Amino acid sequence: MSTHPPRSSAKRWLGLVLIATAQFVVIMDTSIIGVALPDIQRDLGFTPESLSWVFNAYVVAFGGLLLLGGRLADVFGARKIFVLGWIILIAGSVLAGAASNVGLEIAGRAIQGAGSAMIAPAALTLLMMLFGGTSDLPKAFAVYGAAAPIGGTAGVFLGGVLTEYASWPWVFYVTIPIAAFVLAFTATALPRTLRKESGSIDIGGALTVTGGLAAVVYAVVNAPEGGWLTLPTLGVLAAGIVLLVIFFIIQARSRNPLLRLSLLRAPLLGAANGAQLLLGAAWVSMWFFLNLYLQQVLGAGAFAAGAALLPMTGLVVLVMVALAPRLQERFGAKSLIVSGLLLLAAGLVWLSFVRPDGNYAADVLPASLLAALGMSLAFVPSLGTAINAAPPAETGVASGLVSTSYQIGSALGLAVLTAIVYGISGTDPSRVELTQGYSAAFIGAGILALVGAIITAIAMTKPRASVPTDDESISV
C-alpha cells in the first residue's frame, strides 16, 4: 500500500493530535449520555427497560463493525475510511440529537457507533504509518492510550454541564465541532494511502460477525431483566453463536477474508487481544460502578462524581505518557501487561471493601489510584503488541480486532457484572444493599483482571514483545 507521509515533524505530531482526538471522541460518546438519560427518557418516552439501549446501540454497532472498519481501511486506505467514519459519526450525532421518538434515538446512536467503528481501526493504522519503526512509537501509543480515560472522564463532565445548562440534545451535538476540527486538518497532517488493486470486501463475513456479536451482546445485556434461562435469551444467544460459527466457516473458505484465521495463531496477537478483552471488561466495569457508588451511596452529584475521577485520569495520563514507554523498553511488553493486570486486580479487590457510610478519601481514592496505575501499565503494551504482531498489509484488521476485543469485553463484562449487582441488591435496594452489590462487582472485575494476567503470562510466549526496531518495523 503506497503512502505519502507528512514531510515535517510538526505535521506528524499534528497527525497524532487528530488520531488521539479520534480515540477521545469514540470513548467520550459512550460516557457522555449517562447524566442525560433521565431527560431523554422523559422527553422521548423510553421505558426503564428500553433506556439502556441509548448506550447499548452505540456499543453493539461499534463492537460489531470494528473488523469491517479495519478491513475497509486496509482495502480502500486508512485516511479515506477515517474521513468516512467522521462523516457517519456527524450524521448519527445529528439524528440522535434531533430524535423525536425512541426508534430515531436508537438509530442515531447505532449510526454513531458505526462511524466510530470506521474511525477507530483507521486511526490506529494511521498512527502506525506515522510512527512505525521510529523511536517515537511508544510515545505515540502512550498519547493515544491516554486519550481514552480522558474521553471517559470528559464525557461525564460534559454530559452534566450540557444537560444542566443547555439541553440533552447537546450531548450529541458536541461531537460535531470536534469532528469539523479533525476533518479540517486531516488532508494536511495524515498520510494518504492508495487502494490495493486486489482488495475486496467479505460482505458475508461482515454481516455474520456483526450480527453474531450484536446477538450475543443483546442476549447478555437483556438477560438480567428477561432471565438467563428463558427461551428468548437462550434463543438470541444461540443465534449469535451460530452466526459467529458461520463467520469462521466463511473466513476459512474465502479468498479475501475479513479476518485471515491463520492470523489468530500468532501467540502474541492472541494473548494481547485476550489481555485487551479482559482489561476492558475489568476497567470499564470498575469505572461504571465506582461512579454509581459515588452518586447513589455517597450522595455525590454528577459533577462531583466526575471530579472524583480526575485523580485517576491524571495518573493514567502521566503513567501512559511518561512512565510506561520507558518501563516497556526496559522490561518488555509481557512483564508490563502482567504486572499492570495484577495491580488492577489488587485495586479492584481493595475497592470491594467500600462501605455504605464510607468517604471518598478513605474508601475510593487510594484503591482507585492503584487500579488506574495497573490499567496504565497494561493498556499501551497490549495494544501495541496486538498491532505489531500482524503483517503490514493487515494492520487495519489487527487494529479492528484489538479494538473489538476491548469494546466487546467492556460490553459483556459490564452486562454480566450488572446482573450480579442487581441479583444481590434487588430491584429496590437500600444503600447497604447497593454497596453489597457494588462490592461484588468490584470483586468480579478483579477476578477478570487476574485471569487476564494469568492468560498473558502463559500465552505470550516471547519473553520480550516490545515495539519493533527500525529493521523490524511495520511499513504500510
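FYI, it's all coordinate maths here, none of it is from the lab. Not measured: the values here are computed from a predicted model. All Cβ positions, even for glycine, are placed from backbone atoms using ideal geometry, and neighbour counts span all protein chains on display.
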At R0 = 22 Å the Cβ-Cβ FRET efficiency linking L207 and I241, nearest 0.05, sits at 0.90
Calc'd 3J(HN,Hα), the range 93-102, phi into Karplus 6.51 cos²θ - 1.76 cosθ + 1.60 (θ = phi - 60°), Hz, glycine/Pro = x, comes to 5, 4, 5, 5, x, 8, 4, 10, 8, 4
By Cβ neighbour count within 10 Å, fewest first, K334, K80 rank K80, K334
Place +1 on the Cβ of every Lys and Arg and -1 on the Cβ of every Asp and Glu in the chain, take the dipole about the Cα centre, and give the residue among Q407, L292, V156 whose Cα lies farthest towards its positive end.
-> Q407
Taking r as the C-beta separation of L183 and A10 and R0 as 22 Å, the FRET efficiency to the nearest 0.05 is 0.70
At what distance in nm do the modelled label points of F353 and S262 sit from each other, each positioned 7 Å from its Cα along Cα→Cβ?
-> 5.3 nm
Hey, got the dipole for the chain? About the Cα centre, +1 on K and R Cβ, -1 on D and E Cβ, debye to the nearest 20?
-> 1380 debye
Charge sum, other residues only, whose C-beta stays under 14 Å from V156's C-beta, Lys/Arg counted +1 and Asp/Glu -1 = -2
What is the chain by shape, rounded, prolate or oblate, if you read a ≥ b ≥ c off the alpha carbon gyration tensor as root eigenvalues and call it rounded for a/c under 1.5, prolate for a/b larger than b/c, and oblate otherwise?
-> rounded
Low-density loop cleavage sites - trypsin sites (Lys or Arg not before Pro) in the range 230-282, where at most 10 other Cβ are within 10 Å (DSSP) | R255
Rounded to whole Hz, the Karplus (6.51, -1.76, 1.60) HN-Hα couplings of the range 41-46, x for glycine and proline | 4, 5, 6, 9, x, 5
Taking other Cβ within 10 Å of each residue's Cβ, how do D43, D363 sort, fewest first?
-> D43, D363
Helix 175-189 sits at what angle to the longest principal axis of the chain, using alpha carbons and giving 0 to 90 degrees rounded to 10?
-> 20 degrees
How large is ³J(HN,Hα), in whole Hz, for each residue of the range 306-313 in order, when computed from phi with the Karplus curve 6.51 cos²θ - 1.76 cosθ + 1.60 and θ = phi - 60°, using x for Gly and Pro?
-> x, 5, 5, 8, 4, x, 4, 4
Please return the longest stretch of the chain lacking exposed loop sites, where chymotrypsin sites (Phe, Trp or Tyr not before Pro) count only if DSSP places them in a loop and at most 15 other Cβ atoms lie within 10 Å.
-> 1-227
Structure-based [θ]222 nm, the chain - -39500 (n - 2.57) summed over DSSP H runs of at least 4, per residue, nearest 500 = -25500 deg cm²/dmol
Find the centroid of the Cα atoms in the range 239-310 and in the range 326-396, then give the distance between the two in whole Å.
-> 14 Å
Is the range 261-476 rounded, prolate or oblate when judged by the Cα gyration tensor, a ≥ b ≥ c being the square roots of its eigenvalues, rounded requiring a/c under 1.5 and prolate requiring a/b larger than b/c?
-> prolate
Could you list the residues of the range 289-311 with an amide nitrogen less than 14 Å from a label point located 7 Å from the Cα of I424 in the Cα-to-C-beta direction?
-> 289-290, 293
For the chain, the longest principal axis of the Cα atoms and the Cα long axis of helix 267-292 enclose an angle in degrees, to the nearest 10, of 30 degrees
Here the gain from full extension of I249 to Y360, 0.36 nm per residue of separation minus their alpha-carbon distance, amounts to 34.9 nm
What is the calculated FRET efficiency for T461 to L323, with r their C-beta to C-beta distance and R₀ = 25 Å, to the nearest 0.05?
-> 0.45
Excluding exposed DSSP-loop GluC sites (Glu not before Pro) (at most 16 other C-beta within 10 Å), longest clean stretch of the chain = 198-471
Expressed as a percent, the portion of alpha-carbon pairs in the range 1-196 spaced more than 31 Å apart is 19 percent
Once amide hydrogens are built 1.01 Å from N within the peptide plane, the residues lying 5 or more places from R192 or on another chain with amide H under 5 Å from its amide H are H4
Helix 365-388 sits off the longest principal axis of the Cα atoms of the chain, rounded to the nearest 10 on a 0 to 90 degree scale, by 30 degrees
What is the range 191-297 by shape, rounded, prolate or oblate, if you read a ≥ b ≥ c off the alpha carbon gyration tensor as root eigenvalues and call it rounded for a/c under 1.5, prolate for a/b larger than b/c, and oblate otherwise?
-> oblate
